[in-house]
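Report on the structure given below.
Read-outs throughout are calculated quantities, based only on the coordinates presented, and are distinct from any laboratory measurement. Worth saying up front: this structure is predicted, and the values here are computed from it rather than measured. When we count neighbours, we look across all protein chains shown, and the Cβ atoms used for this are built from the backbone with ideal geometry, even at glycine.
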Amino acid sequence: ATLTIDTAKPIAAVSPTLYGLMTEEINYSYDGGLYAELVNNRTFQSNRGPSTADWTILQNGNARAAMAIDKNTGPSEALPLSLKLTVDNAAPKSEAGIVNNGYWGIPVHPSEQFHGSFYAKADSASIGAVTIRLINNDTGAIEATATVPALSADWHRYEYTLKSGAVTASAANHLTISVEHSGTAWFSLVSLFPPTYQNTANGNRIDLMQKLAAMHPAFLRFPGGNYLEGDHINERYEWKKTIGSLVDRPTHPSPWNYHSSDGLGLLEFFEWCEDLHMQPLLAVYAGYSMRQEHVDAGPALEPYVQDALDEIEYATGSTSTKWGAIRAKDGHPAPFHINYIEVGNEDWFDKSGSYSGRYAQFYKAIKAAYPDIQIIATAPVTGIRPDIVDDHFYRSAQEFFNDVHHYDNTDRNGPKVMVGEWATREGSPTTNMGAALGDAAWMTGMERNSDIIVLASYAPLFVNVNPGGMQWPSDLIGYDALNSYGSPSYYAQAMFSTHVGDHVLDAKLDATNPRLFDSVTLDTKHRRVIVKLVNGSSQPQSVSINLSGAKVRSNAHVTTLGAPTTEATNTITDPTRIVPVVSTISNAASTFTHTVPRFSIQILDLDLN
Ligand code: AHR
């Protein structure tokens, strides 16, 4: 094959926001994932209503305990119910209480400090002290202990700190909350946090944030996805119910069949963006939910439009605005900046055909208040020209190979494009090397067309790999309570997003092999030509690379992601089988031959003199 590059001929600017992230509550992405809370079902609710799911009883010696949902008392209007614990025959060393097993275990590392809290009350002070422990499931060893001296008769928030000793890191632990005297106590919002990313209270898991940071994402599209829409209108993402103190967040059922704690609420999404220097790309609920429920454009839709305007004001308004002041009270006086708003999610599923009218109503109201915000249509619309349209592609590698020229002839005078969800769906729970090849081929096409594709984000981002943790196979990053890993697709993404120039160069690949793909960009600042080559075939491909317009230095870095088979993959127990490897070549020149190994993605950083 021959790759001819004119280094003096940039043909288009690369979008600086091309590579971003898409996220929603799916596959235990936040609860049991990024959101570092370790207690599962901390407010005793499930998608089907009040529930003691994930809680069991602890009874030592003759002590007896019973637990039940009490719908008549809770710590707040938002959390009106609680878990009632009734204890009989308790005595010192003969305790009873409740147990939580976390999200497939509770991870404990050596010398780790945990911060916990709960809301509680007791019928009488005679129930005595409450003891909180982390206990190893296999050995029964007490890994950490804390005590709350007494409970009052009214709802009150109690805090505790647990510190582990020289333990072996393990997720096989559970949390116990017990008393050594008989009586009745009520609990709600039982919480336990390990250290979090940048030590943020109510914050995120460190290893997952680090994996995202390594991708250098330009933006975060949130909060969905189907999660934005909900199955029903009354189960939509109601952002106003996800802000403020945790005790004032009612939690909500989600379309992915598990309940959402909303501990990672609207403000936390924006703070996540801030932590990783990503632009927020906020999707607002647009009056359509997944079971074919919609709100007609016109007066009925007005409250939803107003809700979106309030949401934008909450994020971007100064503290002298109503919602900006509420954000400040919630702990973030500085306003965030929003460049992109998406109206709805995948509203092409709305069979009523109401999206064009709904989009236009949101568009006009948002533009009137925020003329600089780019407003993304999530489905084709008529009667109004959107700033950006969102296309989604879930495909096989072969389908992506066949369609890498998808955007080559797209009208440059039309709306810009966001590829807001895309993935090669091969491999489960996370994708394999074959998928990474499909992804990389598709990314070469997006990159070559990134004058028109301004934003692109793979989906889904996360999966908890435990049985029952996954609702959607083919995900980017997998984890259990203790460990996490990137799929080959993750590394392909990270390679592409951390090696991209500012201009697409005029490059022509002449190849007989239909599974060889390229993208060539110029990094003007560093005077570097970045050549991406994807070989999705089972044979090494020799490529004669001819560069005109500048002299090329002979030493160059080559980053390779490859595997012997397309099925090869990374797993929670074999997390780094396929990772990028950096090597050097010394034969780079204006004309040189380079061989791309079979089933591999390579990036050549060619420095110009
Ligand atoms: O990424 C999984 C789902 O795929 C998203 O929630 C939805 O937008 C799409 O159909």
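Points to keep in mind about this one:
- The magnitude of the dipole of the range 45-193, with charges of +1 and -1 set on the Cβ of Lys/Arg and Asp/Glu and taken from the Cα centre, is near 120 debye.
- Quick note on the range 192-234: its Rg to Rh ratio, both from C-alpha atoms and Rh being the Kirkwood radius, is 1.12.
- Within straight-line reach of Lys551, meaning a Cα separation under 26 Å, sit the following lysines at least 8 residues removed in sequence or on another chain: Lys9, Lys508, Lys525, Lys532.
- Here the range 533-568 is scanned for amide nitrogen atoms under 11 Å from the site 7 Å beyond the Cα of Thr595 along Cα-to-Cβ, giving 540-543.
- Modelled spin-label separation between Phe393 and Ser46, with each label point placed 7 Å from Cα along the Cα-to-Cβ direction: 4.1 nm.
- Nearest-ten-degree value, helix 488-498 long axis tilted from longest Cα axis of the chain: 70
- Nearest-0.05 FRET efficiency for Thr565 and Gln292, computed from C-beta distance (R0 51 Å): 0.75
- Model label sites at Ala68 and Lys163, defined 7 Å from Cα along the beta-carbon direction, differ in position by 4.2 nm.
- Considering only the range 218-386, percent of DSSP beta bridges that pair antiparallel, nearest 5: 25
- Options Gly445, Gly20, Ala511, ranked by Cα towards positive dipole end of the chain, top entry (Cβ charges): Ala511
- Panel values: the range 264-331, Kirkwood radius from alpha carbon pairs, Stokes-Einstein at 4 °C and 1.567 mPa s, translational diffusion coefficient 96 µm²/s.
- Of the residues Ala297, Tyr370, Ser586, the one whose Cα sits farthest towards the positive end of the charge dipole of the chain is Ser586 (charges of +1 on Lys and Arg Cβ, -1 on Asp and Glu Cβ, taken about the Cα centre).
- Among the listed pairs Lys71/Lys121; Lys163/Lys211; Lys121/Lys241; Lys211/Lys240, those whose Cα-Cα separation exceeds 19 Å are Lys163/Lys211; Lys121/Lys241; Lys211/Lys240.
- Only helices enter the 222 nm calculation for the chain: every DSSP H run of n ≥ 4 contributes -39,500 (n - 2.57), and dividing by all residues gives -4500 deg cm²/dmol, rounded to 500.
- Rounded to the nearest 20 debye, dipole of the chain from Cβ charges on Lys, Arg, Asp, Glu: 780
- 14 Å cut-off, amide nitrogen to a point 7 angstrom out along Ala365 Cα→Cβ, residues in the range 249-285: 284-285
- Spin-label pair Asp510/Asn234, simplified geometry with 7 Å Cα→Cβ offset, distance in nm: 6.8
- Dipole axis of the chain (+1 Lys, Arg; -1 Asp, Glu on Cβ), positive-most option in Ala214, Gly225, Thr595: Thr595
- Normalised radius of gyration (Cα atoms, divided by 2.2 N^0.38 Å) for the range 218-386: 0.99.
- Residue separation of Ala53 and Asn413 scaled by 0.36 nm, minus their Cα-Cα distance, works out to 124.2 nm of gained length.
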